Amino acid sequence: MTKVFIADQIPSKAVKKLQSAGLSVTIHDSEQGLITHEELENAVKDSDFLITTLSTKVDESIISAATKLKLIANFGAGFNNIDTKAASTHHILVTNTPVVSTNSVAEVTLGLILAISHRIVEGDRLMHNQGFSGWSPLFFLGHELAGKTLGVIGMGHIGRDVAKKAQAFSMNVQYWQPEQFRLPRDEENRLNIRFAEFTDLLQTSDFITVHAPLTEENHHQLDAKAFKQMKSSAFLINAARGPIVDEAALASALENHEIAGAALDVYEHEPTVTPGLKSMNNVILTPHIGNATVEARDSMAEICANNILDFLAGKSIQSAET
């Protein structure tokens with residue numbers, strides 16, 4: 001019987017779909033914690049398909065042990081948790097689930113921007129603890145979004161949706177991505193956005209939000225040098241990949257008031273948070289919830305299941321790594 005191993009609990013509709021097709025499905029019991037490297041290596045030895053999550057590393061030793069494996073379905077956007085070169089060498093197809101989480105991540109991004117600019121989380125902490133003495137004209141002032149400039153690093157599906165939503169708050173939007181991926185001018189005009197060189201974006205944005213995939217080239221792209229170039233009143237938002245931001249440098253920049261604040265949904269050493277960030281009132285930390293909606297996760301699960309079934313049926317596969 002064709003065997004599928006799932007490295008974490010996922011929406012049941014995907015499991016039911018695979019089982020209805022006659023596949024044997026085994027799921028790691030996440031109540032015991034995230035799957036260990038040794039557990040995953042043992043589990044995939046006789047598996048034909050693997051569904052894994054972004055928090056689980058699928059390295060060369062895992063892939064080498066999986067002598068029957070035909071496809072790895074990554075439950076999430078991107079492939080940075082999987083050794084795709086090793087998978088290709090072993091003729092294993094790797095897929096992911098982009099696009100369907102676009103709206104959710106964009107909504108969370110705007111939520112973080114609103115929360116950090118209006119000090120909503122800070123105010124919530126205040127009211128849950130000592131409270132306040134009453135309304136006062138100069139008490140607990142934040143900033144409005146209207147008229148502010150949003151700098152978007154990475155203008156893919158999520159970056160475009162963030163730009164669209166930000167404009168509903170009357171924000172001006174500029175973006176940067178490598179020159180070879182710059183959008184055509186007519187597309188920029190249609191989206192009402194402008195391209196800015198990286199340094200210019202850092203120097204002129206009131207909010208900078210990251211929506212790029214993690215690559216070797218952009219590891220620590222936002223480092224000590226970058227923070228010194230930003231406005232002292234600027235805020236950083238990261239709901240993409242943690243290692244794009246040098247968190248130690250970010251903590252230092254915040255301590256030295258080089259930037260005004262940060263809102264992070266992803267972390268350089270996830271799930272660990274760099275010391276110092278937790279104690280800062282001008283920092284919002286959320287537990288990687290960018291696409292944590294019923295709608296997005298159901299769609300992601302369905303893509304994973306469909307890719308396995310389509311592979312078995314000899315059909316074309318969605319979102320395969322090439």
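Residue check, S170 against (1) free of Cβ contacts under 8 Å to residues at least 40 places away in the same chain; (2) of a type in the set (S, T, Y); (3) under 30 Å from I82 (Cβ atoms), all met but one. Which one?
(3)
Taking the condition of being farther than 16 Å from F75 by Cα and either under 27 Å from the mean Cα position of the chain (by Cα) or aromatic (F, W, Y) (or both), how many residues in region 2-15 meet it?
0
Quick one: which residue in T26, T52, T95 is among the hydroxyl-bearing types (S, T, Y), open to solvent by 70 Å² or more (accessible area, probe 1.4 Å), closer than 24 Å to E302 by Cα and modelled with pLDDT of 95 or more?
T26
Could you tell me which of the residues T209, T293 is open to solvent by less than 20 Å² (accessible area, probe 1.4 Å), within 21 Å of the chain's Cα centre (by Cα) and hydroxyl-bearing (S, T, Y)?
Of T209, T293, the one residue that is open to solvent by less than 20 Å² (accessible area, probe 1.4 Å), within 21 Å of the chain's Cα centre (by Cα) and hydroxyl-bearing (S, T, Y) is T209.
Could you tell me whether any residue of region 252-259 is out of contact with any Asp or Glu (no Cβ under 6 Å at 6 or more places or on another chain) and on the phi > 0 side of the Ramachandran plot?
Yes, region 252-259 contains a residue that is out of contact with any Asp or Glu (no Cβ under 6 Å at 6 or more places or on another chain) and on the phi > 0 side of the Ramachandran plot.
I'd like the residue in region 298-322 that is surrounded by fewer than 16 Cβ atoms within 10 Å (Cβ to Cβ), small (G, A, S) and more than 21 Å from the chain's Cα centre (by Cα) and, out of all such residues, is farthest from T84 (Cα to Cα).
A313
Are any residues in region 31-53 within 22 Å of the chain's Cα centre (by Cα) and closer than 21 Å to A77 by Cα, and if so, which ones?
L34, I35, L50, I51, T52, T53
Within region 122-153, which residues are open to solvent by 40 Å² or more (accessible area, probe 1.4 Å), in a loop (DSSP other than H, G, I, E, B) and free of Cβ contacts under 8 Å to residues at least 24 places away in the same chain?
Answer for region 122-153, where residues must be open to solvent by 40 Å² or more (accessible area, probe 1.4 Å), in a loop (DSSP other than H, G, I, E, B) and free of Cβ contacts under 8 Å to residues at least 24 places away in the same chain: N129, Q130, F132, S133, W135, S136, P137, L138, F139, F140, L141.
All but one of (1) part of a loop (DSSP other than H, G, I, E, B); (2) touching a strand residue (DSSP E or B) at 6+ places or on another chain (Cβ under 9 Å); (3) over 30 Å from Q318 (Cα atoms) hold for V266; state the number of the condition that does not hold.
Here V266 clears every test but (3).
The values are calculated or read from the model by the stated rules, or taken from the named source; none is laboratory data. The shown structure was predicted, so the numbers you read here are calculated from the model rather than taken from an experiment. Virtual Cβ from ideal backbone geometry, glycine too; neighbours counted across all protein chains shown. These accessible areas exclude ligands, DNA and RNA; they are computed on the full protein's heavy atoms, side chains included. Shrake-Rupley method; radii C 1.70, N 1.55, O 1.52, S 1.80 Å.
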